[in-house]
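Structure first, then comments.
The values are calculated or read from the model by the stated rules, or taken from the named source; none is laboratory data. Note that the structure is predicted; figures quoted are calculated from it, not measured. Heads up, the Cβs are rebuilt from the backbone with ideal geometry, glycines too, and the neighbour counts pull from every protein chain shown.
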Amino acid sequence: MQKKTTVFDAILNRRSIRDFTSEFVSSAMLETIVTAGIWAPSGLNNQPWRFVLIRDEAIREKLAVLTSYSHIIEGASALIAVYLDIDTMYDEVKDHQAAGACIQNMLLCTEELGLGAVWLGQILKNKKQVNEVLELDDRFDLMALLAIGHPEHHDQQSRRKPLSDFILKNL
Ligand SMILES: Cc1cc2nc3c(=O)[nH]c(=O)nc-3n(C[C@H](O)[C@H](O)[C@H](O)COP(=O)(O)O)c2cc1C
């Protein structure tokens, strides 16, 4: 009998995937990923996140030039731009925490779907231009761009410092 994959397995197995095949990522898959995102917790359950789902090649090319990670965007079949809606926000820190929880839910969902993804933050330095490409006004504040696709390989390695480095006290 096949062993059931747990959330803990998905957390440990998830790696940032930066090399993708040219295989298509369906709209339905992107909607599943966003569904995982919107079920993240948020302060007062205000759900401040908004998304742009991008599979259009011309738009991907316009976004690729806005980051030094252009090769990742060019190689990914799909992108999800994650925004905070400023008009829905109530607390700077808590709304940004909610965006992080939302993004992590989405990354774990891609892992479960057998897709790969990477959280791209470097592009935030050009977030104004990203909004221009996506024809969004300043009400929407870019939090991250997720590059999503079918993994080319599973050779990614990542390290964490030992647990004891992080636990300040165990009282
Ligand atoms: C806020 C944030 C911004 C990031 N920005 C980028 C980025 O611009 N380009 C990139 O290749 N990876 C980016 N990453 C991915 C990290 O490099 C990656 O999560 C880290 O090296 C740990 O590797 P792992 O995700 O495989 O465990 C970002 C991650 C976070 C959380």
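Can you say whether ALA76 is within 16 Å of the ligand (Cβ to nearest atom), of a type in the set (Gly, Ala, Ser) and surrounded by 12 or more Cβ atoms within 10 Å (Cβ to Cβ), as far as the supplied structure shows?
Considered against the rule, which asks whether it is within 16 Å of the ligand (Cβ to nearest atom), of a type in the set (Gly, Ala, Ser) and surrounded by 12 or more Cβ atoms within 10 Å (Cβ to Cβ), ALA76 comes out as yes.
Among (1) touching a helix residue (DSSP H, G or I) at 6+ places or on another chain (Cβ under 6 Å); (2) surrounded by fewer than 12 Cβ atoms within 10 Å (Cβ to Cβ), there is one condition CYS102 misses while meeting the rest; what is its number?
(2)
Somewhere in region 98-120, is a residue farther than 17 Å from ILE11 by Cα, of a type outside the set (A, V, I, L, M, F, W, C) and outside any strand (DSSP E or B)?
No, there is no match, as no residue in region 98-120 is farther than 17 Å from ILE11 by Cα, of a type outside the set (A, V, I, L, M, F, W, C) and outside any strand (DSSP E or B).
Kindly indicate whether any position in region 86-93 is at pLDDT 95 or above and under 18 Å from the mean Cα position of the chain (by Cα). It would help to see each step written out before you state the result.
Taking region 86-93 as the starting set, the residues that turn out to be at pLDDT 95 or above are 86-93.
Still in the list and also under 18 Å from the mean Cα position of the chain (by Cα): none.
No: zero hits.
Looking only at region 1-48, filter to residues that are charged (D, E, K, R) and touching a residue at least 40 places away in the same chain (Cβ under 8 Å); which one of those is farthest from GLN97 (Cα to Cα)?
GLU23
Condition first: in contact with a helix residue (DSSP H, G or I) (Cβ under 7 Å, 6 or more places away or on another chain) and assigned to a helix (DSSP H, G or I). Can you find one or more residues in region 79-86 that meet it?
No; the residues of region 79-86 include none that is in contact with a helix residue (DSSP H, G or I) (Cβ under 7 Å, 6 or more places away or on another chain) and assigned to a helix (DSSP H, G or I).
Please go through region 15-34 and give me each residue that is more than 14 Å from the chain's Cα centre (by Cα) and more than 16 Å from the ligand (Cβ to nearest atom), ordered by number.
Correct list: THR21, SER22, GLU23, PHE24, VAL25, SER26, SER27, ALA28.
Given (1) more than 15 Å from the chain's Cα centre (by Cα); (2) crowded, with 21+ Cβ neighbours inside 10 Å, where does GLU135 come up short, assuming only one miss?
Just one mismatch for GLU135, condition (2).
Within region 1-49, work out how many residues are hydroxyl-bearing (Ser, Thr, Tyr), surrounded by 13 or more Cβ atoms within 10 Å (Cβ to Cβ) and in a helix (DSSP H, G or I).
To start, the set of residues in region 1-49 that are hydroxyl-bearing (Ser, Thr, Tyr) comprises 5-6, 16, 21-22, 26-27, 32, 35, 42.
From what is left, the residues that are surrounded by 13 or more Cβ atoms within 10 Å (Cβ to Cβ) are 16, 21, 32, 42.
From what is left, the residues that are in a helix (DSSP H, G or I) are 32.
Result for region 1-49: 1.
Going by what's in this entry, would HIS154 be described as modelled with pLDDT under 95, exposed (fewer than 15 other Cβ atoms within 10 Å of the Cβ) and within 16 Å of the ligand (Cβ to nearest atom)?
Here the answer is yes, as HIS154 does meet what is asked.
GLU57 is checked against (1) closer than 16 Å to GLU74 by Cβ; (2) surrounded by 13 or more Cβ atoms within 10 Å (Cβ to Cβ) and fails just one. What number does that condition carry?
(2)
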